[in-house]
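Written out below as structure tokens is the structure these notes cover.
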Amino acid sequence: MSSMSLDKIRNIGITAHIDAGKTTTTERILYYTGVSHKIGEVHDGNTTTDYMEQERERGITITSAAVTCEWQNHRINIIDTPGHIDFNIEVNRSLRVLDGAIFIIEGVAGVQPQSETNWRLADRYNVPRIIFINKLDRTGADFYRAFATLKEKLDIVALPLQLPIGIEDQFLGVVDLVEMKAIIWEGGELGAKYHYEDIPEDLKAAAAEHRQTLLDTAVSVDEKAMEEYFENGDVTIETLKRCIKRGTIDGDFRPVLCGTAFKNKGVQPLLDAVIDYLPSPIDVPGIAVALDEGVDESEHPERRRIKADPKAPFAGLAFKIINDKFGTLTFVRVYAGTLKSGDTVMNTTKDHRERIGRMFQMHADKREAITEVEAGDIAAFVGLKDTGTGDTLASADRPVILERMAFPVPVIDISVEPRTKEAVEKMTLGLQKLAGEDPSLRLRTDQETGQTILSGMGELHLEIIIDRLRREYAVDCNIGAPQVAYRETISKSHTETYTHKKQTGGSGQYAEVKVIFEPMERNGGVVFENKVVGGSVPREYIPAVEKGIKVQADTGVLAGFPTVDFKYTLVDGKYHDVDSSALAFEIAAKACFRAGMKNAGPIILEPIMDVEVTTPNDHVGDVVGDLNRRRGQIQNQESSGSTVIVRAHVPLKEMFGYISHLRSMTKGRASFTMQFHHYDPVPRNIADEIMAKSA
Amino acid sequence: MGIGSRLNWMRGRQEEGAGVTPRTLEWIGLNDAGEPIARVVRVQGPLLTGWRRFSAVARDAEAKVVDLRPSEPPDGAGWLACLGGQVVGRAALPLQAVRAVEARLGQP
């Protein structure tokens, strides 16, 4: 696909808090770059990137859409991501494969919770980013206040490259601190026309001061540029841009631009900044190769990295899967090599071969057939047999596995059952496909009730899944009330020995296992270790012990919730030459788990949410009192003009239906966001309630 | 006014060591006679001596005299502006420290 040299490609994402203007900005970008001939609006439901029916109906982005455009003879592949926390997985996997990102910050509220969450994710993947302070036309917008929240909440060195000219409905344009000129947008033609002029008199002093800061900060990252500065008392614009790019890629500082996408001002300089300051695939260090299981990452800071090179052996990462009427589309970011339709590659994660059929370059829901992809490209492959999100596709000559992706923990369960018996198969197939697309969605069958349980990131997430099941797979379901995804764990170590013995006539069963159960830190998972010596449990039966406990751990001993964060070590056992079998050891392991857990101080864990309520001053007392009644722990309160932001940790169980209560309590003037924070043990009385319900 | 109009600045010592990307540790300000009269020095560290952690600053051009500072630089102000043997300011960025030296030179 790449007819352009790699240095002219930008793979970027646009991300922010919900409603900060990501999709609106993307629409302007597509218009100014000539991809679309009219501007779609979120509130009209006709945007290019929000192409799903639900996205258009609800006015939110649900999936990350990929679009491609050209600007100044460069190709920009853009991924527009959702802002709602329930769809965080989309942001996660997009950031994982991008070389750079635009972070949009709202000009009124500044940095909001989801901006913080996405920022931390981008930190995890070392994504170079530029910041766009948007909505400066809004009442209450304040560039400098929004700018201050960057330092306060993200603790970064933010570097303004522009200052606003006017604010709110008087917002006219920006001062470009690199060129030291004013850019003024003209009315009409949807913001496509703008001109340069001298900096307005009243902004000259502020512009000079900020230019000095820009020079000091940017030039300091490049010692040659410093010498040029000492020599000439200034640097050329070319040198300054080079320094800003280097500082942006290394994360020394984060450039800040501003405007209002909705009023069509500020988007073209943002595109220039993408070209000038965000990296091409060859400007970044390359993707790391995965460490072997159990190897500590901190011990290997310099892991082998694969640099973008079309002539190298092929390596790509499948980062997204969607199913539509034409089949399964697998989105792949190509890191190295070149691949043609008809080639065969290895899925090195699952160790099997995949034949490459048709390939497409995606423009939201439209596609353009291509016959070749190479390093730096993002493309969709059709017809891969068994490739999931996070899998590596690589050349058989050099079968590397790329760094794995981390997925968030689902916190809400619902039970689903089809309305008719005939639809059971269709529902299972549909849910399996949806779960294949979305790694933050888990599917399991309750062993006791036989119900299908869907686990997701929030009520909205699961609601959309059920809606998609109805629209795309024509399955109507009855759904249970959302349930908290409780977990069980243990609080102390215990050693349990269990003997499974059935030797009365015919072929018998005999197995004895001695297992140490130990608690692990939160998110430690379930870890198995084999410490059997002297063959007291024959090697061929050890996988059966491991499997038995892992399977049984899905049903905890207190209330049937999955048991997590513990280690089990097989230390001893006994076998019988004739009566022992893998099945006997599996049965023994399951029973050993049930008995052992009861003596290892079992406890129930509940998800605790990080809740942020934005309320007018006069309702703060009501909001705080109500959060306390919901077992919330207030973390802090912060005034911002006439509103107060209350942050608290509240158990998810207490947050169901909170939005309607909050609205009635504050006459609809308060809003809130929440996201998963951690798991905590539930108080005794609540644990008793949960156990009584499950009995 | 360009910075170079008051002092002529040149690179001083470079960081050394295996696996280290060479960074400039100090910038030296020369007067019109070519005499070094000012220095802008990077605070290095943390260094471990025995069981204590220090930040360190070379107080002379050859780094024969090293000043150990027990705390991390406040607000990331990792550059010291020195005029003669005296510290006249500190800053997060070398150019800001250079400006501090220039400003001090301009004072009566």
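Data table
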{"quantity": "Unique match (being touching a residue at least 40 places away in the same chain (Cβ under 8 Å) and under 25 Å from residue A:566 (Cα atoms)) among A:692, A:600", "calculated": "A:600"}
{"quantity": "Verdict on residue A:455 being among the small types (Gly, Ala, Ser), touching a residue at least 60 places away in the same chain (Cβ under 8 Å) and more than 28 Å from residue A:316 (Cβ to Cβ)", "calculated": "no"}
{"quantity": "Only listed residue being closer than 30 Å to residue A:522 by Cα, over 23 Å from the mean Cα position of the chain (by Cα) and touching a residue at least 12 places away in the same chain (Cβ under 8 Å), chosen from A:499, A:495", "calculated": "A:495"}
{"quantity": "Near pairs, Cβ below 7 angstrom, 6+ apart or cross-chain, from the stretch A:270-283 (more than 14 Å from residue A:248 (Cβ to Cβ)) to any residue that is assigned to a helix (DSSP H, G or I) and of a type in the set (Gly, Ala, Ser)", "calculated": "none"}
{"quantity": "Failed item in (1) farther than 13 Å from residue A:592 by Cβ; (2) modelled with pLDDT of 90 or more, with residue A:515 passing the rest", "calculated": "(1)"}
{"quantity": "Odd one out for residue A:284 among (1) crowded, with 18+ Cβ neighbours inside 10 Å; (2) closer than 30 Å to residue A:168 by Cβ; (3) among the β-branched types (Val, Ile, Thr)", "calculated": "(2)"}
{"quantity": "Selection within the stretch A:644-682 - over 25 Å from the mean Cα position of the chain (by Cα) and closer than 19 Å to residue A:557 by Cβ", "calculated": "A:681, A:682"}
{"quantity": "Test result for residue A:260, among the hydroxyl-bearing types (Ser, Thr, Tyr) and under 16 Å from residue A:221 (Cβ atoms)", "calculated": "no"}
{"quantity": "Residue list for the stretch A:87-118, filter: assigned to a helix (DSSP H, G or I) and among the β-branched types (Val, Ile, Thr)", "calculated": "A:89, A:91, A:97, A:117"}
{"quantity": "Hey, residue A:138 in a loop (DSSP other than H, G, I, E, B), charged (D, E, K, R) and under 30 Å from residue A:92 (Cα atoms) or not", "calculated": "yes"}
{"quantity": "Scan of the stretch A:383-412 for residues that are under 26 Å from residue A:458 (Cβ atoms) and either of a type in the set (Phe, Trp, Tyr) or without any contact (Cβ under 8 Å) to a residue 40 or more places away in the chain (or both), ordered by number", "calculated": "A:407"}
{"quantity": "Filtered residues of the stretch B:17-55 (kept if aromatic (Phe, Trp, Tyr) and either at pLDDT 85 or above or surrounded by 10 or more Cβ atoms within 10 Å (Cβ to Cβ) (or both))", "calculated": "B:27, B:54"}
{"quantity": "Helices (runs of 4 or more DSSP H) completely within the stretch A:160-263 that count 3 or more residues being away from chain B (no Cβ under 14 Å)", "calculated": "A:204-219, A:237-250"}
{"quantity": "Verdict on residue A:636 being modelled with pLDDT under 90 and touching a Lys or Arg at 6+ places or on another chain (Cβ under 8 Å)", "calculated": "yes"}
{"quantity": "All positions within the stretch A:337-376 that are among the aliphatic types (A, V, I, L, M) and either under 15 Å from residue A:399 (Cα atoms) or assigned to a strand (DSSP E or B) (or both)", "calculated": "A:339, A:345, A:346, A:359, A:362, A:369, A:370, A:373"}
{"quantity": "Among (1) touching a Cys at 6+ places or on another chain (Cβ under 6 Å); (2) assigned to a helix (DSSP H, G or I), the one test that residue A:272 misses", "calculated": "(1)"}
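The values are calculated or read from the model by the stated rules, or taken from the named source; none is laboratory data. All values derive from a computational prediction rather than experimental measurement. Neighbour counts run over all protein chains shown; Cβ positions are idealised from the backbone, glycine included.
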